[in-house]
Amino acid sequence: MKKVLIFIVFGLLVSTNLWAQDETAPQPQVKDKPVRFAWESGMLIDNQTSYIPTVKTLELVIQHKFGDISNGHSDLWGIYAPSNNIRLGLNYVVANNVQVGWGISKKNMYNDFNAKWTILEQTRNNTIPVFVTLYGNLALDGSSDETFGTVYKFSDRISYFSQLIVGRKVTEWFSVQGAVSFAHANSTPAEHDHDRIGLHVNGRIKVRPQGSIICTYDAPLKIDKISEQRPEWDNHPKPGLTFGYEVSTSTHAFQIFMGNSTGLVPQDNLMNNFNKIDKDNFAIGFTITRLWSF
Amino acid sequence: MKKYTNVFVLLMVVISTGLLLSFATVQDKKDGGPWNVPEKYKTMQNAHNGDEGLVKIGKMHYIKHCKSCHGGDGLGDGPKAASMKTKMNSFKSAEFQSQKDGVIYYQSFIGRDEMPNFESKIPDDEDRWAVVNYLRTLK
């Protein structure tokens, strides 16, 4: 599995160079500008995109995942279920293509401090054929001390997540990105790994000037060489599949979706999603972003 | 019969009040008055004048940033227009279209009062001219 992972990451990097070599040299006097409208928001459901607003922009993020739909109309397909999750976040763009943020979630009362840097932007004449973005966060689990066992240390609350995103606006209506991520939690339940590597594929199909079909797929990898568990252990985190619809305006992006993961902090989704991709495990959710420029 | 008369009178009062209030709402919208456009913008040249390839880009920006107030056809009748205190003029009007490109640029991106500044939302100058070019197609 490790070889497969190395092959995928290496393939992403090599393919970037291959695309670049296919292009004719740009006119030296004309600056090749970044492509327009690759993504409408910095978030795609519960994943990050390469989009970062202009400098000195404040972004409010409201994320919500309701309970699963298995109870049908008795709890209005999960909307009235108690097992929901909410995250409120604030992001601020401190420099060109650099964003820092903070958020707090209902589940485990995670406080997450995050940063995102879009290193490369895809350009209109393919001088740079892809977006390349780094994202990372550090989260503090706000659960009670007893949750972490009899010998509690503050460091038990810490988990972190880092991600390399490579994306491309393929056509005027289709954008896609792939990502590889690494998550670590200092404290986990028994028979859970402390480290997890994941692969992600996210896409957007624009069907109207302000409307798009959106989709994310998150795959936690089972890599025996970094697993602390015995080979017979079979309770590994499950992949997450989410699809929805996005409407965007000048200052808002509104995404409504259905998916099988309950987390809103990425390491929680990667390490603690044990819901299979099954009809009854799907839950309705939404993500709203609101921008203010200063 | 008297009961029906009372209902009819009540209905007429409600309709009349509604009509009067609708007039009041329209009349409450103030005229923004003439724009105080700096000389720099009055003489500004549209570097992308006649670039038809940019019209589609301008339309995309218009739909995303302008349509909610100014309406799909630029008549000033978007969903948010009703809550504005200032009267919005139609982009189709001869008065609007007779303005220089630089003046429209100033009005669109620098703004004043209820018309917000859009410089940070559309940072690329080429894209701003694309919007101006698109507004020209609305006449």
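The values are calculated or read from the model by the stated rules, or taken from the named source; none is laboratory data. Here the structure is a predicted model, which means the values were calculated and not measured. Note that we place each Cβ from the backbone using ideal geometry, even for glycine, and neighbour counts take in every protein chain shown. Note: accessible area is taken over every heavy atom of the protein model, side chains too, but ligands, DNA and RNA are not part of it. Shrake-Rupley method; radii C 1.70, N 1.55, O 1.52, S 1.80 Å.
Put A:169, A:279 in order of accessible area, highest first, and with a 1.4 Å probe you get A:279, A:169. Legend: calculated FRET efficiency, residue B:42 to residue A:280, from the Cβ-Cβ distance at R0 = 60 Å, rounded to 0.05, equals 0.40. For residue A:153, the aspartates and glutamates whose Cα falls under 15 Å of its own Cα, not counting residues fewer than eight places away in the same chain, are A:141, A:145. What does the charge add up to near residue A:107, with Lys and Arg as +1, Asp and Glu as -1, over the other residues with Cβ less than 11 Å from its Cβ? Its environment carries a net charge of +1. With all protein chains in place and ligands, DNA and RNA left out, the 1.4 Å accessible area ranks A:161, A:154 as A:154, A:161, largest first. When a/c is below 1.5 the answer is rounded, else prolate if a/b is larger than b/c, else oblate, so apply that to the protein assembly as shown with a ≥ b ≥ c taken from the square roots of the Cα gyration tensor eigenvalues. Judged from the Cα gyration tensor, the protein assembly as shown comes out oblate (a/c at least 1.5, b/c at or above a/b). At an R0 of 51 angstrom, the distance between the Cβ atoms of residue A:71 and residue A:224 translates into a FRET efficiency of 0.85.
Taking other residues whose beta carbon is less than 15 angstrom from the beta carbon of residue A:61, and scoring Lys, Arg as +1 and Asp, Glu as -1, yields 0. Taking all Cα pairs closer than 8 Å and separated by 6 or more residues, the relative contact order of chain B comes to 30 percent. This model, with +1 at the C-beta of Lys and Arg and -1 at the C-beta of Asp and Glu, gives the protein assembly as shown a dipole about its Cα centre of some 1340 debye.
Relative contact order for chain A: 19 percent, from Cα pairs under 8 Å spaced at least 6 residues apart, divided by residue count.
Counted by Cβ distance under 13 Å from residue A:158, the other residues give a net charge of -1, where Lys and Arg count +1 and Asp and Glu count -1.
Mean partner shielding of peptide B:118-128, defined as the number of other chain Cβ atoms within 10 Å of each residue Cβ, is 3. Probe radius 1.4 Å, ligands and nucleic acids left out: can you give me the accessible area buried at the B-A interface, summed over both chains, in Å² to the nearest hundred? That pair hides around 1300 Å² of surface in total.
The alpha carbon centroids of region A:240-294 and region A:29-55 are separated by 19 Å. Phi angles of region B:40-57 translate, via the Karplus equation with coefficients 6.51, -1.76, 1.60 and θ = phi - 60°, into HN-Hα couplings of 3, 7, 4, 9, 5, 8, 7, 5, 10, 4, x, 7, 5, x, 7, 4, 5, 5 Hz per residue; Gly and Pro are given as x. Percentage of Cα-Cα pair distances in region B:33-136 greater than 23 Å, rounded to whole percent? Everything past 23 Å amounts to 18 percent.
Averaging the Cα positions of each part gives two centres, and for region A:116-186 and region B:68-139 these lie 38 Å apart. In order along region A:85-99, phi translates into HN-Hα couplings of 9, 9, 10, 10, x, 10, 10, 9, 8, 8, 8, 4, 6, 10, 10 Hz, rounded to whole numbers, per the Karplus curve 6.51 cos²θ - 1.76 cosθ + 1.60 with θ = phi - 60° and x for Gly and Pro. The label-point distance for residue A:86 and residue B:100, in a model that sets each label 7 Å from Cα toward Cβ, rounds to 5.4 nm.
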